[in-house]
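Here's the structure, in structure tokens; my notes come after.
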Amino acid sequence: MSILDAHREALSLLAHRSRRRSLIPRRGHDFASNDYLGLANAPDLRRAVVEALDRGVAIGAGGSRLLRGNDPEHEALEAEAAAFFGSETALFFSTGFAANSAIFSTLPAGRDLIVHDALIHASAHEGMRLGRATAVPAAHNDVDAYADAISAWRADGNKGRVWIAVESLYSMDGDIAPLDALAELAEREQAFLVIDEAHATGVFGDKGRGLADALDGREYVVTLRTCGKALGCEGALVCLPRVLSDTLVNKARGFIFSTAPSPLSAAAVRASLQLIRTQPERRERLARLVAFAGTRLPGQGSQIIPVILGEDARTMTVAAALQERGFDVRGIRPPTVPAGTARLRVSLTLNVDETMVAALADAIAELSA
Ligand SMILES: Cc1ncc(COP(=O)(O)O)c(C=O)c1O
């Protein structure tokens, strides 16, 4: 008997169900990252980081934002992000996961309702789990289902505020939320609307402002712009009214009791926002790649293409075979996606070209036949 036996057993149970995860090296053509605009290792961004180091930007913040860790780079980034996205203010977090946990655990009150899309990201679930509001799922992208959930809750006599939680572009399905209809519903219900723009920021909208661009700045709208995907960096910007930002600063435990993000990271994100604004050609090139892929793979009009194979073990076998052939494609299984919908998540980035996409499409057709 070893003190580690229970953990060994739990892992072998996962393996038995084809659900054991493990870290594998990065190799082959990139069809797996979220580095959609190829910025993560772009010379322009590298140069900006070197310049930031040269002008003395610190690597470590040295403390939490509320203590000594509040760096001018954080404040400059937040001011620039708010101006760019059109929100009253913005607050920088170390990761999107931390930001979503903070939003959903802190802003809705115990008497409130969160109606969230059935496919919302795990980080939003984490926040809801930590918070005190009632959380109910609504069928994916079905605005009537959202409205019905709100009516049912009101019919039970509840008087709190409603929070509607969605992603603008779904991370595992690549489809887009009906944001205008959701905003109408939010206005009708005097509800808040929280829009996770993780996969749309930098890729969609005027100058890469995302799909919720027109909604930013409204007092009931909170948007989340993660910086580790198309922006090629790390961290996340929550764009929201100042009173809500002040609430996070005062109440979000993950913000208060955590070392502030690296100032160098903030400087990198500042540079990246500048690049997405001034280099529309990256977005245009990605749009051409998405259009090309759409002729060969079952796309939804975005850079995220789910090839649903259904069964977990088969999905992982096909993904491994693709990796063997030099395509870095990852299989996605439950609980990340609903049971029975295991899939290859093909992600298009500027790190690949049309020839590689065509070769991948042929390999998927052959291996999944
Ligand atoms: C929709 C969505 N929201 C939030 C996150 C978390 O962001 P981060 O990777 O910066 O923690 C992710 C990351 O996978 C995501 O896909």
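The values are calculated or read from the model by the stated rules, or taken from the named source; none is laboratory data. In this text the structure is predicted, and so the values were computed from the model without any measurement. Glycine also receives a Cβ, built like all others from the backbone with ideal geometry; neighbour counts cover every protein chain displayed. Side chains included, ligands, DNA and RNA excluded: accessible areas come from the protein's heavy atoms. Shrake-Rupley method; radii C 1.70, N 1.55, O 1.52, S 1.80 Å.
Here the Debye sum runs over all C-alpha atoms of the stretch 172-277 as equal scatterers in vacuum, and log10 of I(q)/I(0) at q = 0.13, 0.16, 0.19 Å⁻¹ comes out as -0.54, -0.80, -1.08. The alpha-carbon positions of the stretch 44-89 define a convex hull whose volume is 85 Å³ per residue. Equivalent-ellipsoid semi-axes for the stretch 329-369 (Cα gyration tensor, √(5λ), whole Å, largest first): 23, 14, 5. Computed per residue of the chain from DSSP H runs no shorter than four, each worth -39500 (n - 2.57), the mean residue ellipticity at 222 nm is -13000 deg cm²/dmol. Cross-link partners of K251 among lysines, defined as those whose alpha carbon lies under 30 angstrom from its own and excluding same-chain residues fewer than eight positions apart: K159, K229. Using only side-chain charges placed at the Cβ, +1 for Lys and Arg and -1 for Asp and Glu, the dipole size of the stretch 1-159 relative to its Cα centre rounds to 740 debye. If R0 equals 22 Å, the separation of the Cβ atoms of H140 and R17 corresponds to a calculated FRET efficiency of about 0.35.
The modelled label-to-label distance between D206 and S151, using points 7 Å beyond Cα along the C-beta direction, is 3.6 nm. Taking other residues whose beta carbon is less than 15 angstrom from the beta carbon of T355, and scoring Lys, Arg as +1 and Asp, Glu as -1, yields 0.
Would you mind checking the stretch 323-367 for residues with the amide N under 19 Å from a putative spin-label position 7 Å along Cα→C-beta of R129? Flagged as within label range: 333-339. Summary of the geometry: the stretch 202-239 and the stretch 1-54, compared by the centres of their Cα atoms, lie 24 Å apart.
Remark: the chain is approximated by an ellipsoid whose semi-axes, taken from the C-alpha gyration tensor as √(5λ), come to 31, 27, 22 Å, largest first. A Gaussian network model of the chain, with springs between Cα atoms under 10 Å, assigns the largest mean-square fluctuation among L344, L286, L13 to L13. Expressed per residue, the C-alpha convex hull volume of the stretch 193-249 stands at 72 Å³. Of all DSSP beta bridges confined to the chain, the antiparallel ones make up roughly 50%.
Model label points for I256 and D44, set 7 angstrom from Cα along the Cα-to-Cβ axis, are 4.1 nm apart. Computing FRET efficiency as 1/(1 + (r/R0)^6) for R55 and A287, where r is the C-beta to C-beta distance and R0 is 41 Å, gives about 0.75. For the stretch 1-160, the equivalent ellipsoid derived from the alpha-carbon gyration tensor has semi-axes of 34, 29, 19 Å in decreasing order.
When Rg and the Kirkwood Rh are both derived from Cα coordinates, the Rg/Rh ratio for the stretch 122-216 amounts to 0.97. Once you divide the Cα radius of gyration of the stretch 304-343 by 2.2 N^0.38 Å, the number left is 1.08. Note on the stretch 1-83: along the principal axes its Cα atoms extend 55, 39, 26 Å, ordered by decreasing extent. As a rough guide to protection, the peptides 228-241, 53-66, 346-359 ranked by mean Cβ packing within 10 Å, highest first, stand as 228-241, 346-359, 53-66. Between the beta carbons of Q274 and E324, assuming R0 = 41 Å, the FRET efficiency works out to 0.55 to the nearest 0.05. Net length available on complete extension from D246 to E311 is 18.8 nm, with 0.36 nm assigned per residue and the Cα-Cα distance removed. Taking every alpha-carbon pair in the stretch 75-174 and binning the separations at 10 Å intervals from zero gives 15, 39, 34, 11, 1 percent. Under a GNM of the chain (C-alpha, springs under 10 Å), which listed residue has the highest mean-square fluctuation: H74, H140, H199? Checking each option, the largest mean-square fluctuation is seen for H140. Within the listed set P25, P335, P263, the Gaussian network model of the chain (springs between alpha-carbon atoms below 10 Å) gives the highest mean-square fluctuation for P25. Which of the listed residues, T247, L264, L237, is farthest toward the dipole's positive end in the stretch 235-369, when Lys, Arg count +1 and Asp, Glu count -1 at the beta-carbon? So the residue we want is T247. Atom-type composition of the exposed protein surface of the stretch 74-205 places 49 percent of the accessible area on carbon and sulfur (1.4 angstrom probe). Given +1 at the Cβ of Lys and Arg, -1 at the Cβ of Asp and Glu and no other charges, the dipole of the chain around its Cα centre is 900 debye to the nearest 20.
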